[in-house]
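Input: a single structure, listed below in structure tokens.
The values are calculated or read from the model by the stated rules, or taken from the named source; none is laboratory data. This structure is a prediction, so every number in the text was calculated from the model and none was measured. For neighbour counting, all protein chains shown are included, and Cβ atoms are generated from backbone atoms with ideal geometry for every residue, glycine included.
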Amino acid sequence: MSIALSCEFFPPKSDEGASKLMGVAEQLARSLAPEYFSVTYGAGGSTQERSFATVTAIQRDSGIPAAPHLSCIGSTREGIAAILDDYQAQGIRRIVALRGDLPSGMRDPGDFRFASELVAFIRQHSGHHFHIEVAAYPEFHPQAANAEADLRHFKQKVDAGADGAITQYFYSIEAYSRFVDDCEKMQIDIPIVPGIMPISNYTQLARFSDACGADLPRWLRKRLEAFGDDLPSLRAFGHDVVVELTARLIAEGAPALHFYTMNQAEPTLAICRDAGIVPT
Ligand code: FAD
């Protein structure tokens, strides 16, 4: 089965982590030929320098285009304009445009309130140079007043000029299918690419899920919890769950797949292999 793939990395904290990440990127590039590697970006300045360095290294050395994430909360228009110009000069053609979350202790939201304003600003400043991805939430964003409001806000990002969307991870395929159906009814016609999170550590996954509003279904939480410290069994079970999810997403017509790699090659490679994905 051939389907377009993308892989997400976070900026490593050390030189050792950076060289390890380039090894991971090379391995994924060789085996999966992804369309792009995306690199996360901490809102309000927390990881900016490391994000820039990672984007530059990937774009220069991996043979696969880099797509920087750009979160706007806490930023000025001038600051974002300078970053866009720098990326354009580096030959970057794709950006994942986000609001981000204001780091604790930081009060000033800056010039942007929502990701839709960032998308509009990118179009105004850089025209159509960048392909813009935005975030989508099949289980709805934790701060949304309700599902209907969240869908309306998602549409605002599309109307502002987004070309595609990547979803928050989910383990309930029904949530994704219904979200895509609702978007179709609202004449949203951009590809909505499922974000896939491999399962390799229960505590970390439960913490992430609680923070970002992704639902870990009760049956899955209970199963993972029961493995306790038996990591090999937890990983084997988690792998089966995610392979099945991935295969169903492909069978149901997902336009592409985006992997949250957590800077590891093997879990993503094993899922792709067992879900029958071959490089495009
Ligand atoms: P928005 O689309 O602006 O939405 C945020 C909230 O505001 C939603 O509840 C929405 O309903 C509401 N809203 C939007 N517009 C309006 C309006 N006009 N009036 C009232 N309410 C409104 N975070 C990072 O810091 N760095 C990253 O690199 C990063 N990468 C991510 C990648 C993906 C694929 C995903 C799914 C998330 C990522 N995040 C990242 C997390 C993201 O920044 C947070 O989820 C953040 O809380 C929301 O960002 P957003 O772009 O979805 O915001």
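Go through region 41-65 and give me each residue that's closer than 24 Å to Q124 by Cα, out of contact with any Gly (no Cβ under 8 Å at 6 or more places or on another chain) and either within 13 Å of the ligand (Cβ to nearest atom) or aromatic (F, W, Y) (or both). Passing the criteria: F52, V55. Checking the stated criteria, D150 turns out not to satisfy the condition of being on the phi < 0 side of the Ramachandran plot, surrounded by fewer than 17 Cβ atoms within 10 Å (Cβ to Cβ) and charged (D, E, K, R). Scanning region 175-198 for residues that are closer than 23 Å to E225 by Cβ and without any contact (Cβ under 8 Å) to a residue 60 or more places away in the chain returns a single hit, A175. Taking the criterion of being part of a loop (DSSP other than H, G, I, E, B) and either within 13 Å of the ligand (Cβ to nearest atom) or not small (G, A, S) (or both), the residues of region 25-40 that qualify are P34, E35, T40.
Applying the criterion of being in a strand (DSSP E or B) and at pLDDT 95 or above to the residues of region 72-116, the residue that is farthest from the ligand (Cβ to nearest atom) is R94.
E225 falls short on exactly one of the conditions (1) within 16 Å of the ligand (Cβ to nearest atom); (2) farther than 24 Å from A135 by Cβ, and that condition is (1).
Would you call S209 within 16 Å of the chain's Cα centre (by Cα), among the polar types (S, T, N, Q) and more than 24 Å from Y36 (Cβ to Cβ)? Spell out how you get there, then give the answer.
Working: within 16 Å of the chain's Cα centre (by Cα): yes; among the polar types (S, T, N, Q): yes; more than 24 Å from Y36 (Cβ to Cβ): yes.
When the stated conditions are applied, S209 passes them.
Assess whether S200 counts as being in a loop (DSSP other than H, G, I, E, B) and at negative phi. So S200 fits the description; yes.
Filtering H258, H239 for residues that are at negative phi, within 20 Å of the chain's Cα centre (by Cα) and assigned to a strand (DSSP E or B) leaves a single hit, H258.
Here's the yes/no breakdown for (1) crowded, with 22+ Cβ neighbours inside 10 Å; (2) within 14 Å of the ligand (Cβ to nearest atom); (3) at pLDDT below 95:
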position	(1), (2), (3)
H128	no, no, no
I132	yes, yes, no
D159	no, yes, no
E174	no, no, no
S177	no, no, no
D181	no, no, no
P191	no, yes, no
